[in-house]
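Quick notes on the structure that follows.
Laboratory data are not the source of any read-out in this text; all were calculated from the coordinates shown. Computed from a predicted structure; not experimentally measured. Please note: Cβ atoms are built from the backbone with ideal geometry, for glycine as well, and neighbour counts cover all protein chains shown.
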Amino acid sequence: MTMTICRPRKQIMAALTLALLWIVPLHAAWADAGLSKGQTLYVPVYSHIYSGDRERPVYLAVTVSIRNTDPTHSIHLTAVDYYDSEGKQLRRFMEKPITLVPMASTRFVVKESDKSGGSGANFIVSWQSDTPVNPPLTEGVMISTASQLGISFVTRGVPIVATKP
């Protein structure tokens, strides 16, 4: 024997209304939680990696791609710097800030012939915005097509310092 309990329609509608009143503001808070006015990002990259038992180096071209993911606001890149495995700054890619309009992107390249970074190389990328925005998507893309070997992979930047509001 199956027993079914039916609640009056008004009680069900009241419960759904209360649930929506609680969920909608919570969803709005979640959506705003990722906004920022600026960050400093650490982007791990590799000018070379090692292959086989003898640790044969494979040299890689590195592209750091920075994409403004905010559909309505610009961001300003204030620094893009390249460091080697020992933490020594090798190159400053920008002399003055670069503005990325909504949905725009830019890239910075380290040639495959530049072996100075090593397997622990990294970029430090700093950006700012006049208003809270979606943080940019920042990726390192490494590729090599030496001989018959083709290798490529991607890394993502991670925030290490947030701009104070």
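For region 108-135, backbone nitrogen atoms closer than 15 Å to the point 7 Å from Q89 Cα along Cα-to-C-beta are found at 122-127. Using a cut-off of under 14 Å, list every residue of region 46-77 whose amide N is near the label point 7 Å from the Cα of K115 along the Cα-to-beta-carbon line. So the set is 47-51, 55-61.
Taking region 59-91 and a reference point 7 angstrom along Cα→Cβ of A162, no backbone N atom is nearer than 14 Å.
When only DSSP loop residues count, what trypsin sites (Lys or Arg not before Pro) in region 35-137 have their Cβ near at most 16 other Cβ atoms within 10 Å? Walk me through the intermediate numbers first.
Numbers: sites: K37, R54, R67, K88, R91, R92, R107, K111, K115; in loops: R54, K88, K111, K115.
Sparse-neighbourhood loop trypsin sites (Lys or Arg not before Pro): R54, K88, K111, K115.
List the relative contact order of region 35-162 as a percent without decimals, with contacts defined as Cα pairs under 8 Å and 6+ residues apart. Before the final figure, lay out each step's value.
Working: 347 pairs, mean separation 53.8, N = 128.
42 percent.
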